[in-house]
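Report on the structure given below.
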Amino acid sequence: MTTSDRKIEHLLLCVEKDVEAHRTYFGQRASGFDDVDLVHDCLPEINKKSLELELEFMGKKLRAPILIASMTGGHPDTKAVNTALSCAAEELGIGIGVGSQRAAIEDPSMEDSFRIVRDKAPNAFIYGNVGAAQLNEFGIDGLERAVEMIGADAMAIHLNFLQEAIQPEGNVNATGCLEAIKKVCTELSVPVIVKETGAGISHSQAVAICDAGAAAIDIGGLGGTSWAGVETFRAQKRGDMLSDHLGRQFWNWGIPTTVSIVESTISIPVIATGGIRSGIDVAKSIALGASVCGVALPLVAPALKGEKDVVDKLILIIEELKVAMFLTGCRTIEELGSAPVVVSSKTREFLEQRGFDTGRFARKKKIMERSN
Ligand SMILES: Cc1cc2nc3c(=O)[nH]c(=O)nc-3n(C[C@H](O)[C@H](O)[C@H](O)COP(=O)(O)O)c2cc1C
């Protein structure tokens with residue numbers, strides 16, 4: 001199966017099947033968001049109509065702290081999907097990532113399905129995407145072509161060794177990966193985001209990624225789309241018993257998104273993806289340390305319908321975020337970053353066993369003076 005065929009198969013499986021992680025503890029989601037409470041402010045003393053959601057992220061202005069996470073391109077049928085997503089990003093003033101550009105680096109006739117994103121979103125923050133396992137194969141020249149293809153503001157290097165380990169054609173040689181990332185961070189013409197894809201990033205790897213020169217970390221935590229899950233369905237279709245078995249065993253493997261945000265919040269911006277399903281999840285992520293959030297799976301079905309459905313879905317998330325900000329008395333995204341949160345249950349246990357002081361989130365104070 002070609003890279004291009006695999007991309008369209010992934011997209012369709014994500015709408016036809018339940019591909020989310022489903023590890024629940026005491027009924028809580030695997031992402032850990034149900035273990036995190038924002039503290040209600042009964043006297044917010046701000047006007048909800050004066051909330052400011054804008055922020056500067058990696059040199060560009062976003063009208064809300066939301067990115068359409070890296071998803072697709074690389075098959076002719078994905079052009080319409082990327083059109084819907086990029087038109088929505090432009091309309092709402094948010095950022096957008098494209099899916100892995102591998103198919104277009106290997107076959108330039110696929111470039112169209114990526115180029116359309118810059119055509120339709122001339123002002124948006126757009127980031128490219130390539131797998132860590134392909135860095136040496138493509139070299140800096142290949143990556144510069146990927147940057148040029150979409151006028152990228154940044155390039156995401158994705159880490160997906162869980163998925164690679166489950167698919168029979170997977171690239172499981174992870175040696176030299178960090179060195180290759182370091183080289184790209186030093187030599188590429190745009191800043192680099194190092195991105196997981198559903199299994200999360202822990203503190204020591206976040207430090208290594210930061211030391212390698214990455215400009216941002218996308219933690220891609222456990223709790224949303226499970227790539228082991230997607231591979232399970234692919235394996236079942238072709239009757240591959242081994243991949244089917246491995247996919248089911250590792251369906252819920254990884255570091256929950258909430259935990260990974262805390263583990264990875266060091267000195268460079270953190271993008272939270274993996275199970276962001278509402279504006280309340282966005283607010284919690286930012287209060288835990290993330291700068292922005294990425295949403296993938298909830299936008300797949302709307303994107304297959306068209307721009308309006310994508311915009312409607314994202315507006316709901318933005319409106320939820322606004323209510324959460326109002327009810328925590330946070331007028332700006334910066335203030336939300338210092339909103340108090342209480343972390344309980346499994347997420348608290350996980351963080352405390354890993355040496356993090358969960359009490360510090362509950363004690364956090366707003367840093368900016370309020371104005372009415
Ligand atoms: C259909 C689909 C395709 C994806 N393709 C890519 C990809 O090519 N590169 C990548 O880095 N992540 C890819 N992802 C992962 C997302 O960017 C995101 O990290 C992950 O799905 C978790 O977010 P979610 O729970 O909102 O889906 C894809 C996700 C989906 C749903």
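The values are calculated or read from the model by the stated rules, or taken from the named source; none is laboratory data. Worth saying up front: this structure is predicted, and the values here are computed from it rather than measured. Cβ sites come from the backbone with ideal geometry, for glycine too, and all protein chains shown count toward neighbours. To get the accessible areas, we keep the full protein, side chains included, count just its heavy atoms, and leave off ligands, DNA and RNA. Shrake-Rupley method; radii C 1.70, N 1.55, O 1.52, S 1.80 Å.
All of 105, 140 fail the test of being part of a helix (DSSP H, G or I), within 14 Å of the ligand (Cβ to nearest atom), touching a residue at least 24 places away in the same chain (Cβ under 8 Å) and farther than 24 Å from residue 61 by Cα, apart from 105. Note on the range 1-27: among residues that are assigned to a loop (DSSP other than H, G, I, E, B) and in contact with a Gly (Cβ under 6 Å, 6 or more places away or on another chain), the one that is surrounded by the most Cβ atoms within 10 Å (Cβ to Cβ) is 21.
Taking every residue in the range 2-21 that is more than 18 Å from residue 69 (Cβ to Cβ) and of a type in the set (Lys, Arg) and pairing it with any residue that is more than 9 Å from the ligand (Cβ to nearest atom) and in a helix (DSSP H, G or I), at least 6 positions away or on another chain, the pairs with Cβ-Cβ distances below 6 Å are 17/233. Among the residues of the range 103-119, none is identified as within 17 Å of residue 69 (Cβ to Cβ) and surrounded by fewer than 24 Cβ atoms within 10 Å (Cβ to Cβ). The number of residues in the range 28-45 being open to solvent by 20 Å² or more (accessible area, probe 1.4 Å) and either within 15 Å of residue 252 (Cβ to Cβ) or among the aromatic types (Phe, Trp, Tyr) (or both) comes to 2. When the residues of the range 117-137 are narrowed to those that are assigned to a helix (DSSP H, G or I) and without any contact (Cβ under 8 Å) to a residue 40 or more places away in the chain, which ends up nearest to residue 3 (Cα to Cα)? Once the filter is applied, the top-ranked residue is 134. Among residues of the range 344-359 that are among the hydrophobic types (A, V, I, L, M, F, W, C), those with a beta-carbon under 6 Å from a residue that is open to solvent by less than 40 Å² (accessible area, probe 1.4 Å) and assigned to a loop (DSSP other than H, G, I, E, B) at least six positions away or on a different chain give the pairs 351/358. Out of the residues in the range 332-360 meeting the condition of being among the aliphatic types (A, V, I, L, M) and under 15 Å from residue 32 (Cα atoms), tell me which one is most open to solvent (accessible area, probe 1.4 Å). Per the stated criteria, the residue is 342. Count of the range 45-94 residues, restricted to those that are among the aliphatic types (A, V, I, L, M) and either within 15 Å of the ligand (Cβ to nearest atom) or in a helix (DSSP H, G or I) (or both), is 13.
When 243, 226 are checked against the criterion of being over 21 Å from residue 70 (Cα atoms), among the polar types (S, T, N, Q) and touching a residue at least 40 places away in the same chain (Cβ under 8 Å), 243 stands alone in meeting it. Determine if the range 17-31 includes at least one residue that is within 12 Å of the ligand (Cβ to nearest atom) and over 19 Å from the mean Cα position of the chain (by Cα). Checked against the condition, which is being within 12 Å of the ligand (Cβ to nearest atom) and over 19 Å from the mean Cα position of the chain (by Cα), the range 17-31 yields at least one hit.
Counting just the residues of the range 121-132 that are more than 12 Å from the ligand (Cβ to nearest atom) and under 20 Å from the mean Cα position of the chain (by Cα), which one comes out farthest from residue 269 (Cα to Cα)? Applying the filter and picking the extreme gives 121. Cβ-Cβ distances below 8 Å connect the following pairs, each with a first residue in the range 150-176 that is within 24 Å of residue 210 (Cα to Cα), a second residue that is among the polar types (S, T, N, Q) and more than 15 Å from the ligand (Cβ to nearest atom), and a separation of six or more residues or different chains: 176/136. Whether a residue is over 21 Å from residue 354 (Cβ atoms), surrounded by fewer than 18 Cβ atoms within 10 Å (Cβ to Cβ) and within 17 Å of the chain's Cα centre (by Cα) was assessed, and residue 278 passes this test. Residues in the range 299-316 that are more than 13 Å from residue 81 (Cα to Cα) and buried (at least 19 other Cβ atoms within 10 Å of the Cβ): 314 only.
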